[in-house]
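Data block below; observations after.
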Amino acid sequence: MSDKRGNFSGKLGFVLASASSAVGLGNLWRFPYLAAEYGGGTFLFIYIILAVSFGFALMITEVAIGRKTGKSAIVAFSALDKRFGFNGLLAFIIPVIIVPYYGVYRWCRLLLKA
């Protein structure tokens, strides 16, 4: 079996794909609106600083691990060290748990508007 892998055509495509996978629509629209509406401007400011700093650092770390090992998220962490294998499993399971929220939330919003 040949080992053909897809590549990004440029840096912009990679940055946009990484940002869209890291930031959900709830972070972009719903949360800032609700925080500002109920007087959480200071919290929102701190949240944005922490999301950018820690989120960027974690994204770069995961990308670096993936590029070094050339494996999926589940296997890449354990390829570095067996003690970190659980992190790869978490990197897979957490998005699987979060994704249904967006579908159910959107479905409920549509039902409430009807």
Kindly indicate whether residue 80 is at pLDDT 85 or above and over 17 Å from the mean Cα position of the chain (by Cα).
yes
Positions within segment 62-82 being closer than 19 Å to residue 15 by Cβ and either open to solvent by 70 Å² or more (accessible area, probe 1.4 Å) or outside any helix (DSSP H, G or I) (or both), in sequence order
62, 67
Quick one: residue 19 ticks every box in (1) assigned to a helix (DSSP H, G or I); (2) open to solvent by 80 Å² or more (accessible area, probe 1.4 Å); (3) at pLDDT below 75 bar one, so which box is it?
(2)
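Test of understanding: among 98, 48, which residue is among the β-branched types (Val, Ile, Thr), in contact (Cβ under 8 Å) with a residue 24 or more places away in the chain and under 28 Å from residue 11 (Cα atoms)? Lay out the reasoning, then the answer.
On the way: 48 fails: in contact (Cβ under 8 Å) with a residue 24 or more places away in the chain.
From the options 98, 48, the qualifying one is 98.
The values are calculated or read from the model by the stated rules, or taken from the named source; none is laboratory data. Quantities reported herein were computed from a predicted structural model and do not represent experimental measurements. Using ideal geometry, Cβ is built from the backbone for each residue, glycine included, and neighbour counts are taken over all protein chains shown. Each accessible area value is taken on the protein alone, full model and side chains, heavy atoms only, with ligands, DNA and RNA left out. Shrake-Rupley method; radii C 1.70, N 1.55, O 1.52, S 1.80 Å.
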